[in-house]
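Peer 1: Mind looking over this structure? Questions follow.
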Amino acid sequence: MHNPFAALSASVPPMAMQVYVAVMFLLVVGGTLIDLAHKGSAKYFFRRREIVSFGATRRVGAGEAAALAAETLVVTVLAAGEFCGVWRRITHLLTMYGFILYVVTTAVMVFAYPTAAAPGPAIVPELWYLGAVLVCVGGYWYWLLQRVDVAAEGRSPLRLVRADLFILSLLASATFALAWARVQAAGNELWGHVFFGLYALSSTVLFASVPWSKFAHMFYKPAAALQKRIEQANGFRANLPPPADHPASFGSARRQPNNY
Amino acid sequence: MPTFVYMTNCDGCGYCVDICPSDIMHIDPTYRRAYNVEPNMCWECYSCVKACPQQAIDCRGYADFAPLGHSVRVLREEEKATVSWRIKFRDGREKNFVSPIRTTPWGSIKGPSAYAPPSAAALASQELAHEPEALKVDSLPQLARNRLKKGLV
Amino acid sequence: MSRKTVFVDSDILVVGGGMGGCGATYESRYWGRDLKIVCVEKANIERSGAVAQGLYAINCYMGMHWNENQPEDHVRYARNDLMGLVREDLGYDIARHVDATVHKFEEWGLPIMKDPKTGRYQREGKWQIMIHGESYKPLVAEAARKAASAVYNRIMVTHLLMDSKRPNRVAGAVGFNVRNGDFYVFRAKAVIVAAGGASHIFKPRAVGEGMGRTWYAPWSSASAYALPILAGAKMTQMENRIVLTRFKDGYGPVGAYFLHLKTYTQNAYGQDYEAFWRDSIEKMVGDYVNHHPVPTCLRNHALLEEVKAGRGPIRMVTKEAFKDPHKETIGWENFLGMTIGQAVVWASQNIDPKEINPELTTSEPYVMGSHATCSGAWASGPEDYAPAEYQWGYNRMMTVEGLFGAGDTIGGTAHKFSSGSFTEGRIAAKAAVRYVMERSNDRPEVSETEYARLKKVIYQPLENYRIGRNEIVAGTVSPSYLLPLHGLQRLEKIMDEYVGGISAHYTTNQPLLTRGLELLAMLKEDLAYLGAEDLHQLQRAWELQHRVLASECVTQHTLFRQETRWPGYYYRADHPRLDDQDWHCFTLSRYDRDSGRWEMEKAPVYHIID
């Protein structure tokens, strides 16, 4: 497999590619911070901590908090443990690990092997392809079939709303990336440029739209999951009653929502 | 008390959308999470609250007449066949209750086809399924026509 | 926009998956092993209907095998409470079967409280037993799912279909899928309507978010009445709306309080006020005031008069009873298992019944058929003993062939509640199975012209909104379409002001009723201009349509009965007394949908039990 960025360096200087990647990274960080500041969500988070501390029945020590953070990292972040539906969990994991692979290998190729003269070992672009393919498999499966507005509300899979901004721009980026790399490898210059343009556009939309899309929730959800664990440990339980004192014996009748 | 959904806990599974008897739990188009679209048609039946696997749904008393600061939360545990309630008053008083919800395993009801098919005589009679045994008396009560009181019109 | 049409064929179609519908589905399968039984529900049968949040008591149980009550006793009780006017044949029929239903519920897994001393079901009162019923509905839904060939959730049935081969025979129903908008045509040999009664036809006491806290479920949209009315079935006692005395704002139940906790009411000055009004009630209704127990409507009347006299609020005296921790638990769990909202109201207002005697109020009126009231369709009674005038073939069949009913749908059968409604579903189902089996080669046929016409009618509100929306910039105000909520609030105001709602102290007269009919007629015309933004609003639009038609029926009946039979439910100021001479009878109506006219008549009340 060939390194598409190495081939790209013929028309786009490596420095430009590297600046772009760095800017995208900053847009994510900056976008998240803007979102937090604009909505005051950090203030809400800290205000809630005060309320919780009044309702807590025991103190959670630093060691315990660290253990809960580690658990959050492993269970919630790495294993997507928050998802109560097994198939949505699977598509999330596919998309997440695919995205990580795709982004990391992009950075490696752009920063370490951006020239045709030294395109680097074949494994890197192979992992890049794999990452983009995993994003597409998980992402399209989720977007067409699993989205709750489609699965439970009966909406058309083609209906577009603001909540789709993140997943669609991500899918567009991965899809156009694959199309660009394939077409470029086949030697078609014109289509190579077209798909590269679309790839660059969709990637820019993906990273620049952080203040308006669900992208930033990848940070908020683990924070909320850790908060929930701490509230379980300190007895606050968000006013929920404690689990009842009976043995588990009767099995669950819970079914998935009907698909329409 | 209309329901509301906690942003950080909802993961968009759709169980509340599926269960709501009033069809008022729907999906927000910005966050793809659930919310109550018509609180003035919410009966506070708590079906959505009980169905949510993340305990992401809660209730706030109707604004017409319920001051703020109260909480009535529930934990329905199907496997244990229990429902637990925690009530917190505006002034901080708390009351807790636990009740059974079922005495048999879920899915264990014997369907009507599992019984021996009824005879033609049974079909022609006034007895319903499982009668007279399920009545726990010898026979279905009847009114004999000649003993009916001829009442006034 | 072309919509997919889905055809569903069945032998028996059960419309409504509540207590009545689940009972009908279960029993249909028992007797019709090879029949196709379909249940259709606008929500999800797991939690649909009035029992969504659960119940804390089963209010109709004889306890025959413990010699606690006999079916005749229940008939006398219901007759007394309804001031003499009930279908005693139908009532006896439910009462003689209901114990079996309750015993099956226990077998299925419903936790019924037991009296620790006797081991019997814990009685709350003479007719009521106490249950832990949070999962009452999921339990009976499981039984129905095990019986049905198919359960269709989220399909709202809007109209019944009539047989194109024979007049006055039902052939199925039409409706739409609330999720994906598909059009459904149900073709059936027999139809059992077990839909919801009417909440939200009179203006409720709370008008903001609080509109949702109705005593009866807000999703009881009078389909139990509108579907048979449009099919030409005769309706009875539609004037017999019910008003309930319940805890303030939350409308939480008082039954366990009165019967088990032995609490009592007093006015704002600590007086037992019911005695003040005894004589004036006797002037209105005569000897009925001496009956025991005092009829529900008369107790309401005393409370209303007391409040009008300026000695409210009326309170339930709980401070003594709640000192007992067992009673305190019962008092709260009573709400948590049945009307959680009341617990929320008390928690929000710091009302602890140990320290405060909570307020009571009377609700806005409701029209339904399974409580201390019996509005509904006129149905044939049991073959073994019903008087000839009450019996025309199959038990619980209406005056339309092949159309059966159960629960709120059937009139004249008061005090059946959840267990009685499920039982009535079973009764109707067995009759429907026999009806179907006795006509094995005689299948009704739906008319394609009819359902094609209805398809257009059903989706019209979506079209009205889509096109009309182009006229305005934004917002809810449009000159060319009406939102379903607008129509609902207009209906509720008309009924409130002209047909005896709360702002009129439940009082009306002939001039008011006549004016009310004029305004209802204009509202009916405007229903052609309902605008629905999406499928959820389309459901609301059809719920409104059903409510308006039922309200028109209620108003016609209220006009027809020229007496005040149930003071405390409503008053005819121009006929303020009970009149056993001319009005000891049922009122019947029949609607002709082509002319829009109502034919009213009287039917005799046969007292077959002494």
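Peer 1: Do the conditions hold for A:Phe166, that is, is it assigned to a helix (DSSP H, G or I), of a type outside the set (Ser, Thr, Tyr), surrounded by 15 or more Cβ atoms within 10 Å (Cβ to Cβ) and within 14 Å of another protein chain (Cβ to nearest Cβ)?
Peer 2: Numbers: assigned to a helix (DSSP H, G or I): yes; of a type outside the set (Ser, Thr, Tyr): yes; surrounded by 15 or more Cβ atoms within 10 Å (Cβ to Cβ): yes; within 14 Å of another protein chain (Cβ to nearest Cβ): yes.
When the stated conditions are applied, A:Phe166 passes them.
Peer 1: If I ask for residues that are among the small types (Gly, Ala, Ser), over 14 Å from C:Glu492 (Cβ atoms) and assigned to a helix (DSSP H, G or I), which ones from segment C:522-554 would you list?
Peer 2: At the first step, the residues of segment C:522-554 found to be among the small types (Gly, Ala, Ser) are C:528, C:531-532, C:541, C:550-551.
From what's left, over 14 Å from C:Glu492 (Cβ atoms): C:528, C:531-532, C:541.
Scanning segment C:522-554 gives C:Ala528, C:Ala541.
Peer 1: State yes or no: is C:Lys323 over 28 Å from the mean Cα position of the chain (by Cα), farther than 14 Å from C:Thr361 by Cα and without any contact (Cβ under 8 Å) to a residue 60 or more places away in the chain?
Peer 2: On the way: over 28 Å from the mean Cα position of the chain (by Cα): yes; farther than 14 Å from C:Thr361 by Cα: yes; without any contact (Cβ under 8 Å) to a residue 60 or more places away in the chain: yes.
Taking the combined requirement at face value, the residue satisfies it.
Peer 1: Residues C:Ala302, C:Ala347: which one is of a type in the set (Gly, Ala, Ser), assigned to a helix (DSSP H, G or I) and over 18 Å from B:Arg86 (Cα atoms)? Steps first, please.
Peer 2: Working: C:Ala347 fails: over 18 Å from B:Arg86 (Cα atoms).
Only one candidate passes the filter, namely C:Ala302.
Peer 1: Now for a different question. Select from segment C:80-93 the residues that are within 11 Å of another protein chain (Cβ to nearest Cβ) and surrounded by 22 or more Cβ atoms within 10 Å (Cβ to Cβ) and write down the one among them that is nearest to C:Asn290 (Cα to Cα).
Peer 2: At the first step, the residues of segment C:80-93 found to be within 11 Å of another protein chain (Cβ to nearest Cβ) are C:84, C:88-89, C:92-93.
Checking the rest, the ones that are also surrounded by 22 or more Cβ atoms within 10 Å (Cβ to Cβ) come to C:88-89, C:92-93.
Details: C:Glu88: 21, C:Asp89: 25, C:Tyr92: 24, C:Asp93: 27 Å.
If we take residues in segment C:80-93 being within 11 Å of another protein chain (Cβ to nearest Cβ) and surrounded by 22 or more Cβ atoms within 10 Å (Cβ to Cβ), then C:Glu88 is nearest to C:Asn290 (Cα to Cα).
Peer 1: Taking the criterion of being more than 19 Å from C:Gly181 (Cα to Cα), part of a strand (DSSP E or B) and among the acidic types (Asp, Glu), would at least one residue in segment C:29-36 satisfy it? First the steps, then the outcome.
Peer 2: First, pick out the residues of segment C:29-36 that are more than 19 Å from C:Gly181 (Cα to Cα): C:29-36.
Right, trim to part of a strand (DSSP E or B) and you get none.
Checking segment C:29-36: not a single residue is more than 19 Å from C:Gly181 (Cα to Cα), part of a strand (DSSP E or B) and among the acidic types (Asp, Glu).
Peer 1: Considering only segment C:106-116, I want to know if a residue exists there that is assigned to a strand (DSSP E or B) and within 14 Å of another protein chain (Cβ to nearest Cβ). Full working, then the answer.
Peer 2: First, pick out the residues of segment C:106-116 that are assigned to a strand (DSSP E or B): C:112, C:114.
Restricting the remaining residues to those that are within 14 Å of another protein chain (Cβ to nearest Cβ) gives C:112, C:114.
Yes; the residues of segment C:106-116 include at least one that is assigned to a strand (DSSP E or B) and within 14 Å of another protein chain (Cβ to nearest Cβ).
Peer 1: A further question on this structure: If you check every pair at least six apart or on different chains, which have Cβ atoms under 8 Å apart with a residue in segment C:579-595 that is touching a residue at least 24 places away in the same chain (Cβ under 8 Å) and within 22 Å of C:Glu552 (Cβ to Cβ) first and a residue that is in a strand (DSSP E or B) and among the basic types (Lys, Arg) second?
Peer 2: From residues that are touching a residue at least 24 places away in the same chain (Cβ under 8 Å) and within 22 Å of C:Glu552 (Cβ to Cβ), the pairs are C:Cys585/C:Lys602; C:Phe586/C:Lys602; C:Thr587/C:Lys602; C:Leu588/C:Lys602; C:Tyr591/C:Arg597.
Peer 1: Next question, about the same structure. Being assigned to a loop (DSSP other than H, G, I, E, B), modelled with pLDDT of 95 or more and in the same structural domain as C:Lys319 (by TED's automatic domain parsing): is that true of C:Gly232 here? Quick ask: steps written out before the conclusion?
Peer 2: Values: assigned to a loop (DSSP other than H, G, I, E, B): yes; modelled with pLDDT of 95 or more: yes; in the same structural domain as C:Lys319 (by TED's automatic domain parsing): no.
Against the criterion (assigned to a loop (DSSP other than H, G, I, E, B), modelled with pLDDT of 95 or more and in the same structural domain as C:Lys319 (by TED's automatic domain parsing)), C:Gly232 does not qualify.
Peer 1: Find the residue count for segment C:164-218, including only residues that are hydroxyl-bearing (Ser, Thr, Tyr), away from chain A (no Cβ under 14 Å) and surrounded by 21 or more Cβ atoms within 10 Å (Cβ to Cβ). Don't jump to the end; show me each part of the working.
Peer 2: Residues of segment C:164-218 hydroxyl-bearing (Ser, Thr, Tyr): C:164, C:184, C:199, C:214, C:216.
If we keep only those that are away from chain A (no Cβ under 14 Å) too, we end up with C:164, C:199, C:214, C:216.
Next, only the ones that are surrounded by 21 or more Cβ atoms within 10 Å (Cβ to Cβ) stay: C:199, C:214, C:216.
Within segment C:164-218, residues that are hydroxyl-bearing (Ser, Thr, Tyr), away from chain A (no Cβ under 14 Å) and surrounded by 21 or more Cβ atoms within 10 Å (Cβ to Cβ) number 3.
Peer 1: I'd like to verify a number: residues in segment C:66-78 that are more than 10 Å from chain B (Cβ to nearest Cβ) and surrounded by fewer than 22 Cβ atoms within 10 Å (Cβ to Cβ), how many?
Peer 2: Number of matching residues: 5.
Peer 1: Could I ask something else about it? Counting only residues that are more than 15 Å from C:Ser419 (Cβ to Cβ) and aliphatic (A, V, I, L, M), how many does segment C:63-81 have?
Peer 2: So the answer is 1.
Peer 1: Filter segment B:29-85 down to the residues that are part of a loop (DSSP other than H, G, I, E, B), surrounded by 21 or more Cβ atoms within 10 Å (Cβ to Cβ) and of a type in the set (A, V, I, L, M, F, W, C) and list them by number.
Peer 2: Once the filter is applied, which keeps residues that are part of a loop (DSSP other than H, G, I, E, B), surrounded by 21 or more Cβ atoms within 10 Å (Cβ to Cβ) and of a type in the set (A, V, I, L, M, F, W, C), segment B:29-85 yields B:Cys42, B:Trp43, B:Cys45, B:Cys52, B:Ala56, B:Ala66, B:Ala81.
Peer 1: When segment A:83-116 is examined, which residues are found to be surrounded by fewer than 20 Cβ atoms within 10 Å (Cβ to Cβ), in a loop (DSSP other than H, G, I, E, B) and in contact (Cβ under 8 Å) with a residue 40 or more places away in the chain?
Peer 2: The answer is A:Thr115, A:Ala116.
Peer 1: Which one is modelled with the highest pLDDT among residues in segment C:259-280 that are surrounded by 17 or more Cβ atoms within 10 Å (Cβ to Cβ) and hydrophobic (A, V, I, L, M, F, W, C)? Steps first, please.
Peer 2: In the first step, residues of segment C:259-280 are kept if they are surrounded by 17 or more Cβ atoms within 10 Å (Cβ to Cβ); the result is C:259-261, C:263, C:265-267, C:273-274, C:277.
Applying the additional criterion that residues be hydrophobic (A, V, I, L, M, F, W, C) yields C:259, C:261, C:277.
Details: C:Leu259: 92, C:Leu261: 93, C:Trp277: 96.
Top of the filtered list is C:Trp277.
Peer 1: Still on this structure, I have one more. Identify all residues within segment C:337-361 that are more than 16 Å from C:Phe258 (Cβ to Cβ) and surrounded by fewer than 24 Cβ atoms within 10 Å (Cβ to Cβ); write none if there are none.
Peer 2: Step one: of segment C:337-361, the residues more than 16 Å from C:Phe258 (Cβ to Cβ) are C:337, C:340-341, C:343-352, C:354-356.
C:Gln349, C:Asn350, C:Ile351, C:Asp352, C:Lys354, C:Glu355, C:Ile356 - these are the residues of segment C:337-361 that are more than 16 Å from C:Phe258 (Cβ to Cβ) and surrounded by fewer than 24 Cβ atoms within 10 Å (Cβ to Cβ).
Peer 1: I would also like to ask the following. Checking B:Arg93 against (1) at the interface with chain C (Cβ under 7 Å from one of its Cβ atoms); (2) crowded, with 19+ Cβ neighbours inside 10 Å, which single condition isn't satisfied?
Peer 2: Of everything listed in (1) at the interface with chain C (Cβ under 7 Å from one of its Cβ atoms); (2) crowded, with 19+ Cβ neighbours inside 10 Å, B:Arg93 misses just condition (2).
Peer 1: Checking C:Ala256 against (1) modelled with pLDDT of 95 or more; (2) in contact with a strand residue (DSSP E or B) (Cβ under 9 Å, 6 or more places away or on another chain); (3) not in a strand (DSSP E or B): exactly one of these is not met. Which one?
Peer 2: So C:Ala256 meets the others, but not (1).
Peer 1: Here's something else I'd like to know. Tell me, please, whether a residue that is within 24 Å of A:Glu231 (Cα to Cα) and not hydroxyl-bearing (Ser, Thr, Tyr) can be found in segment B:27-39.
Peer 2: Within segment B:27-39, one or more residues are within 24 Å of A:Glu231 (Cα to Cα) and not hydroxyl-bearing (Ser, Thr, Tyr).
Peer 1: I'd like to verify a number: residues in segment C:337-371 that are under 30 Å from C:Ala406 (Cβ atoms) and either more than 9 Å from chain B (Cβ to nearest Cβ) or more than 22 Å from the chain's Cα centre (by Cα) (or both), how many? I'd like the intermediate steps shown before the answer.
Peer 2: Restricting attention to segment C:337-371, the residues satisfying the condition of being under 30 Å from C:Ala406 (Cβ atoms) are C:337-342, C:362-371.
So of that shortlist, the ones also either more than 9 Å from chain B (Cβ to nearest Cβ) or more than 22 Å from the chain's Cα centre (by Cα) (or both) come out as C:338, C:342, C:362-371.
Of the residues in segment C:337-371, 12 are under 30 Å from C:Ala406 (Cβ atoms) and either more than 9 Å from chain B (Cβ to nearest Cβ) or more than 22 Å from the chain's Cα centre (by Cα) (or both).
Peer 1: Another question about this same structure. Here are some conditions: (1) assigned to a loop (DSSP other than H, G, I, E, B); (2) touching a strand residue (DSSP E or B) at 6+ places or on another chain (Cβ under 6 Å). A:Arg155 meets all but one. Which one does it not meet?
Peer 2: So A:Arg155 meets the others, but not (2).
Peer 1: Identify, please: which residue in segment A:172-212 is part of a loop (DSSP other than H, G, I, E, B) and touching a Gly at 6+ places or on another chain (Cβ under 9 Å) and is, among those, surrounded by the most Cβ atoms within 10 Å (Cβ to Cβ)?
Peer 2: Initial filter on segment A:172-212 (part of a loop (DSSP other than H, G, I, E, B)): A:186-188, A:209-212.
After this cut, where a residue has to be touching a Gly at 6+ places or on another chain (Cβ under 9 Å) as well, the list is A:186, A:209-212.
Details: A:Ala186: 9, A:Ser209: 17, A:Val210: 21, A:Pro211: 18, A:Trp212: 14.
Here the answer is A:Val210.
Peer 1: For segment C:397-413, does any single residue satisfy the condition of being surrounded by 24 or more Cβ atoms within 10 Å (Cβ to Cβ) and within 13 Å of chain B (Cβ to nearest Cβ)?
Peer 2: Here is the first cut: in segment C:397-413, the ones surrounded by 24 or more Cβ atoms within 10 Å (Cβ to Cβ) are C:397-398, C:402-413.
Pick out the ones that are also within 13 Å of chain B (Cβ to nearest Cβ) and you get C:406.
Yes, because at least one residue in segment C:397-413 is surrounded by 24 or more Cβ atoms within 10 Å (Cβ to Cβ) and within 13 Å of chain B (Cβ to nearest Cβ).
Peer 1: Here's another thing I want to ask about it. Say we look at segment B:53-89 and pick out the residues that are of a type in the set (Lys, Arg) and more than 7 Å from every other protein chain (Cβ to nearest Cβ); which of these is farthest from A:Phe83 (Cα to Cα)?
Peer 2: Looking only at segment B:53-89, we keep the residues that are of a type in the set (Lys, Arg), and these are B:60, B:73, B:76, B:80, B:86, B:88.
Within this subset, residues satisfying the condition of being more than 7 Å from every other protein chain (Cβ to nearest Cβ) are B:60, B:76.
Details: B:Arg60: 26, B:Arg76: 19 Å.
The selected residue is B:Arg60.
Peer 1: Which residues, counting only those in segment B:10-28, are among the charged types (D, E, K, R), outside any loop (DSSP other than H, G, I, E, B) and more than 7 Å from chain A (Cβ to nearest Cβ)? Steps first, answer last, please.
Peer 2: Of the residues in segment B:10-28, the ones among the charged types (D, E, K, R) are B:11, B:18, B:23, B:28.
With outside any loop (DSSP other than H, G, I, E, B) added as a condition, the list becomes B:18.
Within segment B:10-28, none qualify.
Peer 1: Pick from segment C:584-598 the residues that are part of a strand (DSSP E or B) and surrounded by 12 or more Cβ atoms within 10 Å (Cβ to Cβ): which of them is farthest from the other protein chains (Cβ to nearest Cβ)? Break it down into steps so the answer makes sense when it comes.
Peer 2: Start the filter on segment C:584-598 by keeping residues that are part of a strand (DSSP E or B), which leaves C:585-592, C:597-598.
Now restrict to residues that are surrounded by 12 or more Cβ atoms within 10 Å (Cβ to Cβ): C:585-591, C:598.
On the way: C:Cys585: 7, C:Phe586: 10, C:Thr587: 14, C:Leu588: 14, C:Ser589: 19, C:Arg590: 21, C:Tyr591: 25, C:Trp598: 23 Å.
The extreme case among them is C:Tyr591.
Peer 1: Follow-up. Does C:Val157 meet the test of being in a helix (DSSP H, G or I), in the same structural domain as C:Lys189 (by TED's automatic domain parsing), touching a Phe, Trp or Tyr at 6+ places or on another chain (Cβ under 8 Å) and not small (Gly, Ala, Ser)?
Peer 2: Details: in a helix (DSSP H, G or I): no; in the same structural domain as C:Lys189 (by TED's automatic domain parsing): yes; touching a Phe, Trp or Tyr at 6+ places or on another chain (Cβ under 8 Å): yes; not small (Gly, Ala, Ser): yes.
When the stated conditions are applied, C:Val157 does not pass them.
The values are calculated or read from the model by the stated rules, or taken from the named source; none is laboratory data. All values derive from a computational prediction rather than experimental measurement. Note: ideal-geometry Cβ built from the backbone for every residue, glycine included; neighbour counts use all protein chains shown.
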